[in-house]
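The values are calculated or read from the model by the stated rules, or taken from the named source; none is laboratory data. Keep in mind it's a predicted model, so treat the numbers as computed, not measured. Cβ placement follows ideal geometry from the backbone for every residue including glycine, while neighbour counts extend to all protein chains displayed.
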Amino acid sequence: MFHNAHKTDKFDTPLTQTIPTLEPMKASHSITFSQFVASLFRLIRYPNLLIIIFTQYFTRVFLIHDKSFRWRDFWELITEKNLALISLSTVLIAAAGYIINDYYDIKIDLVNKPQRVIIGRYIKRRWALLMNQGFNILGVLLGFCVSKHVGLVTFLATFSLWIYSNKLKRLAFWGNFMVAIMTAFSLLILAVYYPGHQREVWIYATFSFFITLIREIIKDMEDVKGDAKHGCKTLPIIWGIAQTKNLMYGLIVVFVLALFMLATQLPDRQILYVFTGLLFPVVFLTYKLIYADKPSDFAFLSTACKIIMLIGVLSMLFV
C-alpha cells in the first residue's frame with residue numbers, strides 16, 4: 001500500500017509519504033434551513049447518539065434492576081425522570097464531542113473523507129463552536145439536576161473531551177485511550193447513580209472500553225494518509241502497520257483475559273457463559289486483522305467492532 005524509495009516492506013516502516021495540501025472550503029451562503037438541519041444531524045452522528053440512548057435504557061432494564069423485577073415494571077423503568085436526564089446529558093456531551101472533534105479535524109477529513117466534511121461547508125466554524133459550548137453546558141447542568149456525583153462525572157467527561165480533541169488526538173495512543181474511556185463513560189455514569197449490579201455494569205464498561213480502543217486504532221490504520229499529512233502522531237505512523245498490529249494482538253489477549261477474570265468474580269456464572277460466546281466474533285476479528293492491508297480492509301474491521309459492541313450490549317438479555 002505505501003512504499004518508500006528503497007522498496008521496503010509496506011508494513012515494516014512508518015508512513016513518510018507526502019500528500020498534497022487541501023484547504024478547507026468556505027461555508028456557502030445559500031444553504032437552506034433543511035440542509036442546515038440535515039448537516040447538523042450528520043455532524044452530531046445521530047445514529048451513534050441513538051445507540052447511546054438504547055444502550056443506557058437497555059442496561060437499566062436488563063442489567064440494573066431489582067431482583068423482584070417483573071415485566072409489568074418495564075414501563076416504570078423506562079419512564080424514570082432521572083434516567084431520561086442522564087441519557088440526555090450523555091448524548092449532549094457526546095454530540096459536543098463530535099462537533100469539536102470535527103472542528104479540529106477539517107483539514108485531515110478533507111484528505112481522508114472529503115465528502116463528509118460539514119463544518120466550513122454547511123455549518124460555519126463559529127456556529128460549530130457555539131453549539132459545542134452550549135451542548136456541554138446544558139449536559140453538565142442536567143447532570144447536576146440528577147445528583148452532584150452525576151454532575152461531577154459529566155463535567156469531567158466534558159473537560160476530557162476537550163483535552164482529547166485539542167491535544168491528545170494528535171498523540172500516539174492517548175487519543176485512542178481517551179475515546180475508549182468516554183465510550184465506557186456512558187455505562188459508568190449509570191453505575192454512579194444506580195447502586196444495584198454495579199459489578200456487572202463495570203464488566204460491560206470494560207468490554208466497551210476495550211472494543212472501542214481496538215476500533216480506534218483500526219481507524220488510525222484506515223486513515224493513515226490524512227493523519228500523516230497533518231502531523232498526527234498515531235501508532236501506525238510512528239510504528240508502522242506491522243508493529244501496530246502486534247500491539248492489537250496483545251490488546252485482544254488482555255481484553256479477553258480481563259473480561260474472564262472479572263466475570264469469574266461474580267457469584268452468578270451466567271455472564272461467564274455469555275462472554276464465552278462472544279469469543280467467536282472476537283476470534284473472527286483477529287483472523288481478519290492478520291490479513292488486512294488496505295483501507296477497505298480496516299474499514300470492514302471497524303464495522304465488525306461496531307457489530308461486536310452491539311452483540312455485547314444485547315447479551316445483557318441473558319445475564
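Scan region 97-115 and give yes if some residue there is at pLDDT 90 or above, under 17 Å from the mean Cα position of the chain (by Cα), hydroxyl-bearing (Ser, Thr, Tyr) and closer than 22 Å to Thr158 by Cβ, otherwise no.
No, that holds for no residue.
I'd like to check something: does region 256-264 contain any residue that is at pLDDT below 90, part of a loop (DSSP other than H, G, I, E, B) and not aromatic (Phe, Trp, Tyr)?
Looking only at region 256-264, we keep the residues that are at pLDDT below 90, and these are 259-264.
Among the residues that remain, those that are also part of a loop (DSSP other than H, G, I, E, B) are: 264.
Restricting the remaining residues to those that are not aromatic (Phe, Trp, Tyr) gives 264.
Yes, there is a match, as at least one residue in region 256-264 is at pLDDT below 90, part of a loop (DSSP other than H, G, I, E, B) and not aromatic (Phe, Trp, Tyr).
Taking Gly250 as the residue in question, decide whether it is at pLDDT 95 or above and loosely packed, with under 12 Cβ neighbours inside 10 Å. Walk me through how you get there before you give the answer.
Details: at pLDDT 95 or above: yes; loosely packed, with under 12 Cβ neighbours inside 10 Å: yes.
Yes.
Name the residue that is surrounded by the fewest Cβ atoms within 10 Å (Cβ to Cβ), counting only residues in region 80-89 that are out of contact with any Leu (no Cβ under 9 Å at 6 or more places or on another chain) and touching a residue at least 24 places away in the same chain (Cβ under 8 Å). Outline the logic, then answer.
Going residue by residue through region 80-89, those that are out of contact with any Leu (no Cβ under 9 Å at 6 or more places or on another chain) are 80-82, 84, 87.
When the remaining residues are screened for being touching a residue at least 24 places away in the same chain (Cβ under 8 Å), the result is 82, 87.
Working: Asn82: 13, Ser87: 23.
Filtering region 80-89 for residues that are out of contact with any Leu (no Cβ under 9 Å at 6 or more places or on another chain) and touching a residue at least 24 places away in the same chain (Cβ under 8 Å), the one surrounded by the fewest Cβ atoms within 10 Å (Cβ to Cβ) comes out as Asn82.
Residue-wise test of (1) modelled with pLDDT of 90 or more; (2) in contact with a Gly (Cβ under 8 Å, 6 or more places away or on another chain); (3) within 18 Å of Asn136 (Cβ to Cβ).
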residue	(1), (2), (3)
Thr55	yes, no, no
Lys67	no, no, no
Ile86	yes, yes, yes
Leu92	yes, yes, yes
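Output the residue which, of all residues in region 158-212 that are part of a helix (DSSP H, G or I) and basic (Lys, Arg), is surrounded by the fewest Cβ atoms within 10 Å (Cβ to Cβ).
Within region 158-212, the first condition is being part of a helix (DSSP H, G or I), and the residues that meet it are 158-166, 168-170, 174-193, 198-212.
Narrowing further to those that are basic (Lys, Arg): 169-170, 199.
Working: Lys169: 22, Arg170: 18, Arg199: 13.
So the residue we want is Arg199.
For region 213-247, give me each residue that is of a type in the set (D, E, K, R) and buried (at least 18 other Cβ atoms within 10 Å of the Cβ).
Here is the first cut: in region 213-247, the ones of a type in the set (D, E, K, R) are 215-216, 219-220, 222-223, 225, 227, 229, 233, 245.
Within region 213-247, Arg215, Glu216, Lys219, Asp220, Glu222, Asp223, Asp227, Lys229, Lys245 meet the criteria.
Please identify the pairs in which a residue from region 118-144 that is at positive phi has its Cβ atom under 6 Å from the Cβ atom of a residue that is at pLDDT below 95, counting only partners at least 6 apart or on another chain.
From residues that are at positive phi, the pairs are Gly120/Pro24; Gly120/Met25; Gly120/Ala27; Gly120/Ile106.
Of the residues Gly134, Gly143, Gly151, which single one is surrounded by 22 or more Cβ atoms within 10 Å (Cβ to Cβ) and either more than 18 Å from Phe41 (Cβ to Cβ) or out of contact with any Cys (no Cβ under 6 Å at 6 or more places or on another chain) (or both)? Spell out the reasoning first.
Numbers: Gly134 fails: surrounded by 22 or more Cβ atoms within 10 Å (Cβ to Cβ); Gly151 fails: surrounded by 22 or more Cβ atoms within 10 Å (Cβ to Cβ).
Of Gly134, Gly143, Gly151, the one residue that is surrounded by 22 or more Cβ atoms within 10 Å (Cβ to Cβ) and either more than 18 Å from Phe41 (Cβ to Cβ) or out of contact with any Cys (no Cβ under 6 Å at 6 or more places or on another chain) (or both) is Gly143.
Of all the residues that make up region 126-142, how many are within 15 Å of Thr90 (Cβ to Cβ) and touching a Phe, Trp or Tyr at 6+ places or on another chain (Cβ under 7 Å)?
1
Kindly evaluate Lys233 against the criterion of being at pLDDT below 90, under 28 Å from Tyr249 (Cβ atoms) and not in a helix (DSSP H, G or I). I'd like the intermediate steps shown before the answer.
Numbers: at pLDDT below 90: yes; under 28 Å from Tyr249 (Cβ atoms): yes; not in a helix (DSSP H, G or I): yes.
The answer is yes for Lys233.
For a quick check of your reading of the model, give me the residue pairs whose first member lies in region 265-294 and is within 24 Å of Asp223 (Cα to Cα), whose second is part of a loop (DSSP other than H, G, I, E, B) and of a type in the set (Lys, Arg), with beta-carbon atoms closer than 9 Å and at least 6 apart or on different chains.
Correct list of pairs: Asp293/Lys10.
Restricting attention to region 253-297, which residues are exposed (fewer than 12 other Cβ atoms within 10 Å of the Cβ) and hydroxyl-bearing (Ser, Thr, Tyr)?
Of everything in region 253-297, those that are exposed (fewer than 12 other Cβ atoms within 10 Å of the Cβ) and hydroxyl-bearing (Ser, Thr, Tyr) turn out to be Thr264, Tyr287, Tyr291, Ser296.
Being part of a helix (DSSP H, G or I) and either out of contact with any Leu (no Cβ under 7 Å at 6 or more places or on another chain) or modelled with pLDDT of 95 or more (or both) is the filter here, so list the residues in region 219-230 that pass it. Quick ask: steps written out before the conclusion?
As a first pass, look at region 219-230 and keep what is part of a helix (DSSP H, G or I): 219-222, 224-229.
Within region 219-230, Lys219, Met221, Glu222, Lys225, Gly226, Asp227, Lys229 meet the criteria.
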